[in-house]
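Chemist: Please read through the structure below; I'll follow up with questions.
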Amino acid sequence: MATGEIYEVFARKAHDEELKHVGSVNAADDDLAKAYAWTVYDEERWVEMCIVPRRAVISVTHDRKHPLCGN
Amino acid sequence: MTTPATLFDSTDVMPADCVTGLHDLLTACADTKLLLGYHYGEWTFGTPELEAAVASCSLSQSELGHVRLLHGILKSHWGEDPDALVEGRRAEQFANVTYLDRPLTDWTAFVAMNAVVDLAVTRVLFATREGTFVPFRLNVDKMLDEERYHLHHGRGWLRTLSQGEPEACGRLVDETVKALVAVRTWLGPADDAGDRALVTAGIKGETNAQVFESVHTMIRQLAESCGLTLPDLPAADFTGWDAASRRIGTRLDEDILYHLRGSKNAIFKLN
């Protein structure tokens, strides 16, 4: 069975609020990630929820392992 | 210029064949959702991963919410007693998709239920979203919104299982075909008078035969996209088909019916 990947979950409760990171799910594909995100993080009445594969997230802060010139 | 369709606020002004046909359709949707809720609930434990358990529990809750809503419409407009719909009918009177008549013994059967049966009942709701029976139309969008995640779950798991060994894929194909055949029986023959009356009155936008073709095409395309080939379905035979139960001589498992009913716990019911 496919092991899947991690998706970060973002949501907001009102249209004038910013999207906030609410958690993550591990899923085999986008369809399952949508179903898991919606059912796991159902404590609020979200007006919007989005998922992003963690591999698509680009880190902006440095990881403290490399000298400044390597960042 | 087209004539605006007649809207029905109640069954009082509806043609008699539509009153019966719509009653049967709503009952069939409610019964199928009741059984979907039961099976999703049964699979709150034993899923391949924890997220699927949470999802299954959630899908069960939303199906039971839809049952409550549909029973409310049947009570308001047909005078049905929601308790009696569950407690007072015999096993052969339940108008659910017969794929749900028996326990789902493994995850493959669960996925076939999720991907095919849940899609079918949702597709029927979708066919009524702009229908002329206002009390139903006011509620259908909410149900369709919630069903979106049921479909994602079914599609995702069918895709996941399709990556298994050939034997497992063969079983997935077999269960998918069984579910499709059961859905075809549930939707009934193309010449069903009650269904035709609903489409003529604009209560539904499509016949059940068209709904089945749509479901069949969606599942076939999903299977093909996963590298699976569904065989042709066996020829349909609707001899003896009953419009109220949508069955041909079958019945719901008595053990499942026992577990569905709350009458065994009536002593604990608060007045």
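Chemist: Determine the shape class of region A:5-70: with a ≥ b ≥ c the square roots of the Cα gyration tensor eigenvalues, call it rounded for a/c under 1.5, and otherwise prolate if a/b is greater than b/c, oblate otherwise. Working shown, then result.
Modeler: On the way: a/c = 3.29, a/b = 1.66, b/c = 1.98.
Judged from the Cα gyration tensor, region A:5-70 comes out oblate (a/c at least 1.5, b/c at or above a/b).
Chemist: Taking the Cα atoms of the protein assembly as shown, report the difference between the largest and smallest coordinate on each principal axis, in whole Å and largest first.
Modeler: That gives 81, 59, 51 Å along the principal axes, largest extent first.
Chemist: Can you tell me which lysines have their Cα less than 25 Å from the Cα of A:Lys34? Leave out same-chain residues fewer than eight positions away.
Modeler: A:Lys13, A:Lys20, B:Lys33, B:Lys142
Chemist: Let me ask you something else. Filter the DSSP H helices in chain B by two things, a Kyte-Doolittle mean of at least -0.5 and an axial alpha-carbon span of 27 angstrom or more, and list the hits by number.
Modeler: Values: long enough: B:16-42 (39 Å, 0.27); B:50-78 (41 Å, 0.32); B:134-161 (40 Å, -0.79); B:166-187 (31 Å, 0.38).
Membrane-span-like by this rule: B:16-42, B:50-78, B:166-187.
Where a number appears in this text, it was derived from the coordinates with a stated rule and is not lab data. Because the structure is a prediction, the values reported are computed rather than measured.
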